[in-house]
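In what follows, a structure is listed as structure tokens, so that the remarks can point back to it.
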Amino acid sequence: MTSDDLAPVPGRRAPGPAGPLPGSTEPEPGPAHSSAGGASRGLPSRPPAVLRGIRGAALLLALGCLGGTLWEGLADRRIALAFGGLVAVGELGRRTGIEAREAAPLAAAGGLAYALLGADGGATTHGGTFQVVTVVCAATLLGSVPHIADGRGPTLDRLARRVLTVGFAAVCFQPLYSRGVLEHWIGPAYALLLIALLVLTVLCDAVLAAAQAHSRTGWPFGPLLRDELRGLLGIGSAVCATGAVMAPAVAVVGLWALPVFCLPLLLTQLSLRRYAAVRATYRQTIASLARATEVAGYTPAGHARRVAMLSQAVGRDLGLSGAELTVLEYAALMHDIGQLSLVDPVPAGATAVLPPAEQRRIALLGGAVVRQTGVEAAVAVVVERQADPYREQPLAARIVRVVNAYEEKARDSGPGGPLTALEELRLATAGDYAPEVVESLARVLSRDCLTLRAAG
């Protein structure tokens, strides 16, 4: 099972000249940014040790299983062809760039079902762990050929996790079944065993996914793991349920069960894709509303987008969850919309230099506008409270206030602008800006080598 689409990471999408798509959580590449730490200096980037370790383990497992399969020979070829075809078709139908934890749910469910398969129509199968991993790996690569030709993957990390999770399930189940340990496990006991193995498998997958994202981005591991586990409540639960039902169904009625139990998952996948399309349209609408202040000349071009991107990076560093990051993103995009009520625009849209009372008035007007647009109330609350004393603000409002002030102070200030702006924020932590947010911003800027001036 794969989940690279849950947690967006740098480098997955190639942004055009105008930067990433609205709503992206990826840092915007520029002369002063590198997600790998050394690429911005012209040095070849090297995967972190955790990524290399996961890829190496998957490669060793795949090669070992391939060698074992060649040594023992391919057993139950009809079953191997059926499940291999299911995985390949699932990979062919994989969608990239959607907001879903699992982009190829049919392939993931098919791989898990094959790993937990012990019989076919009442007859014992003899595939074993080696054959299961080999067939799933080969089918995944075969189904990914069109995507690779179009430059859309699969990534090595996604493939590595698919191999390791399927291998984990097969290692836990196949030896027990082949040795007859499960002969007396019938009815509810056998079903509970399969469910327990699936739970362990998805936990393993979630840990791998969070470790990969943490290694690539440097974001805290805990919130990433929490987001992965929450993602299991969506398409992940449908994948697990399909895999858990498909294996015993094939054991009883044979391979005819495959198309029958794939249909509900396909319908679920279609519904999630439509939901993702609606979410994308919703996000594009919010981004368009945020650009209203730029079109009207109240704020510099790209200001809202830059504040949103850096706010999300700070939010990740502070451990916000996926839902909280979405609220933070929308609020950061629309944080200046209250300026549309001003008769005379603030010079360069720099509200950080205004008197506190005027800042609060603009923030309240902005919150009222956000509520009229139909955006969720949590976003309006963040916009309304971004100018309150930081001790009374929710964390998202603290982040927006600090990042907005940093961007305004660093803009058009010469080579030393970012450092000067950061120092000014640190000096004002006694009353205006939350110290933990300022320090988080400093960590993000230092770790990712970001300067918002390069994104203007």
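The values are calculated or read from the model by the stated rules, or taken from the named source; none is laboratory data. Just so it is clear, the model here is predicted, and its values are computed rather than measured. When we count neighbours, we look across all protein chains shown, and the Cβ atoms used for this are built from the backbone with ideal geometry, even at glycine. For accessibility, only protein heavy atoms count, side chains too; no ligands or nucleic acids. Shrake-Rupley method; radii C 1.70, N 1.55, O 1.52, S 1.80 Å.
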Among the listed residues ARG391, ARG361, which satisfies the condition of being part of a helix (DSSP H, G or I), out of contact with any helix residue (DSSP H, G or I) (no Cβ under 7 Å at 6 or more places or on another chain) and within 23 Å of ALA313 (Cα to Cα)?
ARG391
Given the conditions (1) under 20 Å from LYS409 (Cα atoms); (2) surrounded by 21 or more Cβ atoms within 10 Å (Cβ to Cβ); (3) among the acidic types (Asp, Glu), report the number of the one that GLU384 does not fulfil.
(1)
Filtering region 219-228 down to residues that are more than 12 Å from the chain's Cα centre (by Cα) and in a helix (DSSP H, G or I), which residue is surrounded by the fewest Cβ atoms within 10 Å (Cβ to Cβ)?
GLY222
Residue, surrounded by the fewest Cβ atoms within 10 Å (Cβ to Cβ), within region 129-158, restricted to residues that are under 23 Å from VAL199 (Cβ atoms) and of a type outside the set (Val, Ile, Thr):
ARG158
Kindly list the number of the only condition in (1) among the aliphatic types (A, V, I, L, M); (2) open to solvent by 20 Å² or more (accessible area, probe 1.4 Å); (3) in contact with an Asp or Glu (Cβ under 7 Å, 6 or more places away or on another chain) that fails for ALA209.
(2)
Within region 248-271, take every residue that is open to solvent by less than 60 Å² (accessible area, probe 1.4 Å) and out of contact with any Phe, Trp or Tyr (no Cβ under 9 Å at 6 or more places or on another chain) and give me the one that is farthest from LEU192 (Cα to Cα).
GLN269
Kindly indicate whether any position in region 122-129 is modelled with pLDDT under 90 and within 18 Å of ALA62 (Cα to Cα).
yes
Hey, does region 372-380 have a residue that's surrounded by 24 or more Cβ atoms within 10 Å (Cβ to Cβ) and at pLDDT 85 or above?
yes
Cβ contacts < 9 Å: first residue on the phi < 0 side of the Ramachandran plot and assigned to a loop (DSSP other than H, G, I, E, B), restricted to region 417-438; second residue modelled with pLDDT under 80 and hydrophobic (A, V, I, L, M, F, W, C), any location; separation 6+ or different chain. Result?
ASP432/ALA352
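Specify which of the listed residues (ARG401, ARG426) is under 19 Å from TYR298 (Cβ atoms), within 33 Å of the chain's Cα centre (by Cα) and of a type in the set (Lys, Arg). Can you show your working first?
Working: ARG426 fails: under 19 Å from TYR298 (Cβ atoms).
The conditions single out ARG401.
Name the single residue, out of those in region 73-84 being in contact with a helix residue (DSSP H, G or I) (Cβ under 7 Å, 6 or more places away or on another chain) and not in a loop (DSSP other than H, G, I, E, B), that is most open to solvent (accessible area, probe 1.4 Å).
Filtering region 73-84 for residues in contact with a helix residue (DSSP H, G or I) (Cβ under 7 Å, 6 or more places away or on another chain) gives 74-75, 80, 82-84.
Now restrict to residues that are not in a loop (DSSP other than H, G, I, E, B): 80, 82-84.
On the way: ALA80: 7, ALA82: 30, PHE83: 1, GLY84: 12 Å².
In this case the residue turns out to be ALA82.
What is the residue count in region 338-355 for residues that are more than 17 Å from VAL402 (Cα to Cα) and among the hydrophobic types (A, V, I, L, M, F, W, C)?
So in region 338-355, the residues more than 17 Å from VAL402 (Cα to Cα) come out as 338-348.
When the remaining residues are screened for being among the hydrophobic types (A, V, I, L, M, F, W, C), the result is 340, 342-343, 346, 348.
Qualifying residue count for the region: 5.
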Any idea how many residues of region 168-191 are surrounded by 10 or more Cβ atoms within 10 Å (Cβ to Cβ) and within 14 Å of GLY128 (Cα to Cα)?
11
Kindly list, by first and then second residue, each pair from a residue in region 134-147 that is over 15 Å from ARG94 (Cβ atoms) to a residue that is surrounded by fewer than 18 Cβ atoms within 10 Å (Cβ to Cβ), limited to pairs with Cβ atoms under 9 Å and residues at least 6 apart or on different chains.
THR134/LEU66; THR134/GLY68; THR134/LEU70; THR134/LEU74; VAL135/LEU74; VAL135/LEU81; CYS137/LEU66; ALA138/LEU66
Helices (runs of 4 or more DSSP H) fully within region 244-330 counting 3 or more residues that are touching a residue at least 60 places away in the same chain (Cβ under 8 Å):
257-290, 303-317
Hey, ALA213 modelled with pLDDT under 85, among the hydrophobic types (A, V, I, L, M, F, W, C) and out of contact with any Gly (no Cβ under 6 Å at 6 or more places or on another chain) or not:
no
Determine whether region 237-247 contains at least one residue that is within 30 Å of GLN212 (Cα to Cα), in contact with a helix residue (DSSP H, G or I) (Cβ under 7 Å, 6 or more places away or on another chain) and open to solvent by 50 Å² or more (accessible area, probe 1.4 Å).
yes
Any hit, region 426-444, residues being open to solvent by 20 Å² or more (accessible area, probe 1.4 Å), of a type outside the set (S, T, N, Q), touching an Asp or Glu at 6+ places or on another chain (Cβ under 9 Å) and modelled with pLDDT of 85 or more:
yes
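Going through region 24-72 one residue at a time, which ones are part of a loop (DSSP other than H, G, I, E, B), open to solvent by less than 50 Å² (accessible area, probe 1.4 Å) and modelled with pLDDT of 50 or more? Walk me through it before giving the result.
The first filter runs over region 24-72 and keeps only residues part of a loop (DSSP other than H, G, I, E, B), leaving 24-38, 42-48.
With open to solvent by less than 50 Å² (accessible area, probe 1.4 Å) added as a condition, the list becomes 24-28, 30, 32-34, 37-38, 47-48.
PRO47, PRO48 - these are the residues of region 24-72 that are part of a loop (DSSP other than H, G, I, E, B), open to solvent by less than 50 Å² (accessible area, probe 1.4 Å) and modelled with pLDDT of 50 or more.
Does VAL346 meet the test of being farther than 30 Å from GLU228 by Cα and either of a type in the set (A, V, I, L, M, F, W, C) or under 30 Å from the mean Cα position of the chain (by Cα) (or both)?
Details: farther than 30 Å from GLU228 by Cα: yes; either of a type in the set (A, V, I, L, M, F, W, C) or under 30 Å from the mean Cα position of the chain (by Cα) (or both): yes.
Yes.
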I'd like to verify a number: residues in region 338-353 that are touching a helix residue (DSSP H, G or I) at 6+ places or on another chain (Cβ under 9 Å) and open to solvent by 10 Å² or more (accessible area, probe 1.4 Å), how many?
11
Just for region 388-411: of the residues that are open to solvent by less than 40 Å² (accessible area, probe 1.4 Å) and hydrophobic (A, V, I, L, M, F, W, C), which one is farthest from ALA434 (Cα to Cα)?
ALA410
